[in-house]
Amino acid sequence: MTTLSSLSFAGRLLRVSVVSEMIGLVSGFKKWGKFFLVLQAYIDESEDDDSGGVFCLAGYLAPVVNWRAFSQEWKTLLDMKSPAYGPAMPYFKMSEMACSQIRREKAYLFYQRIESNVSASISICFKKSDFTAALSYFGLSNVNDIKNPYIFSFKLLLTYFYHHKKELSIFEPVDFIFDEKTESSSINKVWDLLMNDDSNYIREIMGGRPLFENDKLVLPLQAADLYAYWVRRWMNEGHEELENLRFPWKVKREIPSLVMYPKEQDFLSILDHMLHSTL
């Protein structure tokens, strides 16, 4: 049975087929006028330690001017000292903030900065066991360019975003920025392959080559860390439908979201298409 992903936009829920959207490519988007905002997407990974656990890429999109305001507000919270929340923080890491009720309450203050500044969120999350099972079925477990879940999910994330960015009212190219600890060489290799593809659809969604920054210095990456942590946690808790994804604090604004939860059958279909298209 084909897995359904959910696209939430301003409280409205639209369901789309992962497989059909990943396989099919469409061409062109109608642009609104000649003025384009400079948009940036900050993406981080969150991964279970065990080999069959959950892998997630997730983050937020916003205009550069919003990210500047966000960074100032985020830095103010990092520097904040109070009897209730303790000393200043050198950086934000959601896995550390989730350890106690007080820290989770403080994390809510950070989330409010996200809520007031970002335009949308995007994520892909799956069980590594589903991915490796599909690879084994086709005898691809030892093919380096395919077996890496980071490479595979990066390609799927871009393709999915290409198909659905109109639903987020995004018509401009987007610069993607990743944590420098991620596999930059792998991402750049995928980028080169995608840019050499005849379809050239990636040119329509990306402002340039992916960038890799230090998450201790580039604060929007810490927002991506927050979101990636919770998307992975929600999947581990069995909440795989967008309407069930809830933070442990009051959400004041529904952020438009693109969410992918591919399963083993989806990977089988995608890999099958990839293999046949290269024959």
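The values are calculated or read from the model by the stated rules, or taken from the named source; none is laboratory data. Nothing here was measured: the structure is a model prediction, and the numbers come from that model. Virtual Cβ from ideal backbone geometry, glycine too; neighbours counted across all protein chains shown.
Could you list, in sequence order, all residues of segment 214-251 that are among the charged types (D, E, K, R) and at pLDDT below 90?
Selection gives 237, 240, 241, 243, 246, 250.
Checked against the criterion of being of a type in the set (Gly, Ala, Ser) and modelled with pLDDT of 85 or more, the candidates 185, 153 yield just one match: 153.
The helices (runs of 4 or more DSSP H) found entirely in segment 78-188 include none that carry 1 or more residues being acidic (Asp, Glu) and under 14 Å from the mean Cα position of the chain (by Cα). Among the residues of segment 56-69, those that are surrounded by 22 or more Cβ atoms within 10 Å (Cβ to Cβ) and either under 14 Å from the mean Cα position of the chain (by Cα) or in a strand (DSSP E or B) (or both) comprise 56, 57, 58, 59, 60, 61, 62.
Scanning segment 70-129 for residues that are surrounded by 17 or more Cβ atoms within 10 Å (Cβ to Cβ), of a type in the set (D, E, K, R) and under 30 Å from residue 148 (Cβ atoms) yields a single hit, 127.
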